[in-house]
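Peer 1: Have a look at this one before I ask anything.
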Amino acid sequence: MNSEFKRIVDNLPGLLEQLSNKPLLPWANLTDVPVKGIYVFYEKDSPIYVGRSGKQPMKTRIKQHANPWSNSNTAPFAFNIAKKNAERKGIDLNRTRAELEKDVEFKNLFAQAKERVRRMSVRVIEVDDDLVQTIFEVYAAMSLGTMEYNKFSTH
């Protein structure tokens, strides 16, 4: 195994413990949020989605998940919630993201999902290294059981 990769992997459990010990912050009041890192959305004290900040400050990235004007690319968590709800309603999901966003019924579900995300809390941890962020995001999602809404396929 590559020594750098092993070093990163060996540090993942400690990072997860640090993240789990961070305070829960309401989506509407994100104070003292680091610029870069990993965030976890919580609903009723249960982890539901893990994300990471990339080029944007973390506070901006977290807010994008629930802003009313966000689209499927800036609010993928809410989009995945909307897709799950659409599937239950029998809405055809075999369309592109752009086509779904134009569908009136889906658009309503997407707006409801963003409102749901706005009611959630968030835990954050600073992780400056992009490589560590990438690996830790997947590790945290798998460890915290958020794979219902964490999708690592490209769109």
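The values are calculated or read from the model by the stated rules, or taken from the named source; none is laboratory data. Being a predicted model, the structure only gives us computed values, none of them experimental. Cβ sites come from the backbone with ideal geometry, for glycine too, and all protein chains shown count toward neighbours.
Peer 1: Take the residues of the range 61-88 that are free of Cβ contacts under 8 Å to residues at least 40 places away in the same chain and more than 18 Å from Trp27 (Cβ to Cβ): which is surrounded by the most Cβ atoms within 10 Å (Cβ to Cβ)?
Peer 2: Just the residues of the range 61-88 that are free of Cβ contacts under 8 Å to residues at least 40 places away in the same chain, to begin with: 61, 63-64, 69, 71, 74, 78-79, 82-83, 85-88.
Okay, now just the ones that are also more than 18 Å from Trp27 (Cβ to Cβ), so 71, 83, 85-88.
Working: Asn71: 15, Lys83: 22, Asn85: 17, Ala86: 20, Glu87: 11, Arg88: 9.
Among those residues, the one meeting the criterion is Lys83.
Peer 1: Can you tell me which residue within the range 89-115, out of those that are at negative phi and small (Gly, Ala, Ser), is surrounded by the fewest Cβ atoms within 10 Å (Cβ to Cβ)?
Peer 2: From the range 89-115, those at negative phi are 89, 91-115; that's our starting set.
Pick out the ones that are also small (Gly, Ala, Ser) and you get 98, 111, 113.
Details: Ala98: 10, Ala111: 13, Ala113: 24.
Out of the qualifying residues, it is Ala98.
Peer 1: For the range 129-155, give me each residue that is out of contact with any Asp or Glu (no Cβ under 9 Å at 6 or more places or on another chain) and part of a loop (DSSP other than H, G, I, E, B).
Peer 2: Asp129, Gly145, Thr146, Met147, Glu148, Tyr149, Lys151, Ser153, Thr154, His155
Peer 1: How many residues are under 17 Å from Ser46 (Cα atoms), of a type in the set (A, V, I, L, M) and at pLDDT 95 or above if we restrict to the range 126-155?
Peer 2: So the count comes out to 4.
Peer 1: Mind telling me which of the residues Val35, Val40 ends up being among the hydrophobic types (A, V, I, L, M, F, W, C), part of a strand (DSSP E or B) and either under 14 Å from the mean Cα position of the chain (by Cα) or more than 25 Å from Asn108 (Cα to Cα) (or both)? It would help to see each step written out before you state the result.
Peer 2: Details: Val35 fails: part of a strand (DSSP E or B).
Matching residue, one of Val35, Val40: Val40.
Peer 1: Are there helices (runs of 4 or more DSSP H) fully within the range 58-117 with at least 2 residues that are in the same structural domain as Val35 (by TED's automatic domain parsing) and not polar (S, T, N, Q)? List them.
Peer 2: Details: elements: 58-64, 76-88, 97-102.
Fully inside the range 58-117 and qualifying: 58-64.
Peer 1: I've got another one for you. Does any residue in the range 114-137 that is more than 28 Å from Pro68 (Cβ to Cβ) come within less than 8 Å, Cβ to Cβ, of a residue that is part of a loop (DSSP other than H, G, I, E, B) six or more places away or on a different chain, and which pairs are these?
Peer 2: Close Cβ pairs satisfying both conditions: Glu126/Pro34; Glu126/Val35; Glu126/Lys36; Val127/Lys36; Asp128/Lys36; Asp130/Gly54; Phe136/Val127.
Peer 1: Test Glu126 against the stated conditions and say whether it is under 16 Å from the mean Cα position of the chain (by Cα), within 26 Å of Thr31 (Cα to Cα) and assigned by TED's automatic domain parsing to the domain that holds Ile8. Can you show your working first?
Peer 2: Details: under 16 Å from the mean Cα position of the chain (by Cα): yes; within 26 Å of Thr31 (Cα to Cα): yes; assigned by TED's automatic domain parsing to the domain that holds Ile8: yes.
It is true that Glu126 is under 16 Å from the mean Cα position of the chain (by Cα), within 26 Å of Thr31 (Cα to Cα) and assigned by TED's automatic domain parsing to the domain that holds Ile8.
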